[in-house]
Number of protein chains: 2
Amino acid sequence: MVTRVRYKAAEVNLQDAIRQRRSIRKYGEHRVKEAIVRRLLDLSRYAPSSMNGQPWHFVVVRHSATKKALVQIKNRHCPSKKKAYNADFLKDATIVVICVEKERSHGRAIENGVLAAAIFMLAAQECGLGTVYMSAQQKGKPALKKEISRLLRLPNSILPIAIIPFGYPAEVAQKKEMRELKEITHFEHF
Amino acid sequence: MVTRVRYKAAEVNLQDAIRQRRSIRKYGEHRVKEAIVRRLLDLSRYAPSSMNGQPWHFVVVRHSATKKALVQIKNRHCPSKKKAYNADFLKDATIVVICVEKERSHGRAIENGVLAAAIFMLAAQECGLGTVYMSAQQKGKPALKKEISRLLRLPNSILPIAIIPFGYPAEVAQKKEMRELKEITHFEHF
């Protein structure tokens with residue numbers, strides 16, 4: 001299995017990984033091998049970070065009880081306009097919670113966490129895995145991150161930033177309607 | 001030139017782009033062709049975004065006067081502990097300022113902006129271009145983003161998130177000492 005994935009990975013170029021990635025919210029039963037999980041985390045730590053602080057910590061969640069608790073936390077804090085995106089599907093995924101050390105983040109906790117999350121998601125795509133970005137932070141509402149921190153036993157020095165479920169997709173993502181590039185590109189000023 | 005870059009790009013796999021990327025703060029004189037700039041922006045808009053809002057706007061800066069003004073703004077707001085990372089080198093780069101529409105960001109302005117920035121940086125790496133992540137935001141200090149917004153004539157509905165200089169590297173980045181993966185990986189809880 002690992003051999004097959006390595007072979008596939010060597011063939012996927014970056015452009016295809018970028019263009020083909022879609023947010024996946026339905027996962028199959030096939031378990032992601034631990035070697036693949038480690039490989040994705042290994043790549044994620046090559047993200048840039050403020051003053052090269054490399055502030056990341058990765059908490060991998062597989063246990064059903066922990067996943068259920070995460071679903072409850074995310075659903076409880078889900079704003080009403082985002083209810084269509086409830087978190088129930090987390091129970092079928094492997095999850096990595098991307099955290100950062102405050103001290104090592106140099107005032108850039110969210111940026112540093114998200115940069116690693118983006119790499120994780122592309123690297124997962126290369127392995128045939130689906131992902132979706134979910135946030136562990138709510139501006140002005142510390143309850144979400146506090147409850148996640150308690151669940152994952154994070155010390156006070158560590159902040160959870162992103163929750164990335166991943167696994168073998170059990171859905172074909174819809175074609176995404178894209179905004180026109182010329183509509184969003186500006187030269188010299190807006 | 002475009003043909004050569006396309007050929008190179010098809011050969012670079014994602015893993016290599018991730019592992020080989022380094023922050024570059026010294027750029028050569030060779031101008032980045034506009035076709036390459038557009039290609040990088042085209043790929044960046046494939047980033048995930050909250051509720052698929054696709055909130056991005058890209059402002060490409062090439063004019064010397066605008067770059068000098070950006071250098072001054074960034075240096076003026078540079079915290080004393082980051083003085084070693086001053087922004088003077090921006091004058092030698094092409095710059096993209098990645099912005100987001102507030103309305104389309106669904107409370108996730110920074111996350112959405114950074115996800116596109118991460119893709120831009122990897123795609124640039126694939127084309128043999130260096131980049132470095134610089135922030136257009138300072139927590140609790142709106143002056144930085146306000147001055148950037150004024151310079152780039154951003155409407156009030158648009159927030160600048162990241163400043164990404166890019167170009168052909170004129171330095172070989174030092175080998176990066178990496179934290180051990182096992183030191184930062186946790187299973188089920190911290």
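The values are calculated or read from the model by the stated rules, or taken from the named source; none is laboratory data. For clarity, every value in this text was computed on a predicted model and none was experimentally measured. Reconstructed Cβ throughout: ideal geometry from the backbone, glycine too, with neighbour counts over all protein chains shown.
Checking the condition in a loop (DSSP other than H, G, I, E, B) and either touching a helix residue (DSSP H, G or I) at 6+ places or on another chain (Cβ under 8 Å) or among the hydrophobic types (A, V, I, L, M, F, W, C) (or both), which residue from A:Q138, A:Q125 passes? Answer to the check: A:Q138.
Got a sec? Which of B:R25, B:R38 is in a helix (DSSP H, G or I) and either under 26 Å from B:E126 (Cα atoms) or touching a Phe, Trp or Tyr at 6+ places or on another chain (Cβ under 8 Å) (or both)? The match here is B:R38. Residues of the stretch A:63-113 that are in a helix (DSSP H, G or I) and either more than 28 Å from A:R45 (Cα to Cα) or modelled with pLDDT under 95 (or both): A:Q72, A:N75, A:R76, A:S80, A:K81, A:K82, A:K83, A:A84, A:Y85, A:D88.
Based on this model, can you work out whether B:Y27 counts as touching a residue at least 60 places away in the same chain (Cβ under 8 Å), under 30 Å from A:R25 (Cβ atoms) and of a type in the set (S, T, Y)? Working first, answer last.
Working: touching a residue at least 60 places away in the same chain (Cβ under 8 Å): yes; under 30 Å from A:R25 (Cβ atoms): no; of a type in the set (S, T, Y): yes.
Considered against the rule, which asks whether it is touching a residue at least 60 places away in the same chain (Cβ under 8 Å), under 30 Å from A:R25 (Cβ atoms) and of a type in the set (S, T, Y), B:Y27 comes out as no.
Checking each residue in the stretch A:78-114 for being under 10 Å from the mean Cα position of the chain (by Cα) and buried (at least 24 other Cβ atoms within 10 Å of the Cβ) picks out A:V96, A:V97, A:I98, A:G113, A:V114.
Return the residues of the stretch B:135-153 that are in contact (Cβ under 8 Å) with a residue 60 or more places away in the chain, buried (at least 22 other Cβ atoms within 10 Å of the Cβ) and at the interface with chain A (Cβ under 10 Å from one of its Cβ atoms); say none if nothing qualifies. Walk me through how you get there before you give the answer.
Our first condition is that a residue be in contact (Cβ under 8 Å) with a residue 60 or more places away in the chain; within the stretch B:135-153, this holds for B:138, B:141, B:143-144, B:147-148, B:151-152.
If we keep only those that are buried (at least 22 other Cβ atoms within 10 Å of the Cβ) as well, we get B:148, B:152.
Scanning the stretch B:135-153 gives a single hit, B:L152.
Taking the criterion of being out of contact with any strand residue (DSSP E or B) (no Cβ under 7 Å at 6 or more places or on another chain) and small (G, A, S), the residues of the stretch B:125-156 that qualify are B:G128, B:G140, B:A143. Once the stretch B:29-67 is narrowed to residues that are more than 8 Å from every other protein chain (Cβ to nearest Cβ) and among the hydrophobic types (A, V, I, L, M, F, W, C), the residue that is surrounded by the most Cβ atoms within 10 Å (Cβ to Cβ) is B:L40. Would you confirm, using the coordinates I've provided, whether A:E180 is facing another protein chain (nearest Cβ under 7 Å), under 30 Å from B:R150 (Cα atoms) and not hydrophobic (A, V, I, L, M, F, W, C)? Criteria not met by A:E180. Of the listed requirements (1) part of a loop (DSSP other than H, G, I, E, B); (2) more than 12 Å from every other protein chain (Cβ to nearest Cβ), B:N156 misses just one: (2). When the stretch B:51-60 is filtered for residues that are out of contact with any helix residue (DSSP H, G or I) (no Cβ under 6 Å at 6 or more places or on another chain) and in contact (Cβ under 8 Å) with a residue 40 or more places away in the chain, the ones remaining, listed by number, are B:M51, B:Q54, B:V59. Residues of the stretch A:68-83 that are under 14 Å from A:E147 (Cβ atoms) and either of a type in the set (S, T, N, Q) or facing another protein chain (nearest Cβ under 8 Å) (or both): A:Q72, A:N75. Quick check: is even one residue across the stretch A:120-134 more than 9 Å from every other protein chain (Cβ to nearest Cβ), within 12 Å of A:W56 (Cβ to Cβ), crowded, with 23+ Cβ neighbours inside 10 Å and under 13 Å from the mean Cα position of the chain (by Cα)? Within the stretch A:120-134 (the criterion being more than 9 Å from every other protein chain (Cβ to nearest Cβ), within 12 Å of A:W56 (Cβ to Cβ), crowded, with 23+ Cβ neighbours inside 10 Å and under 13 Å from the mean Cα position of the chain (by Cα)), the answer is yes, since at least one residue qualifies.
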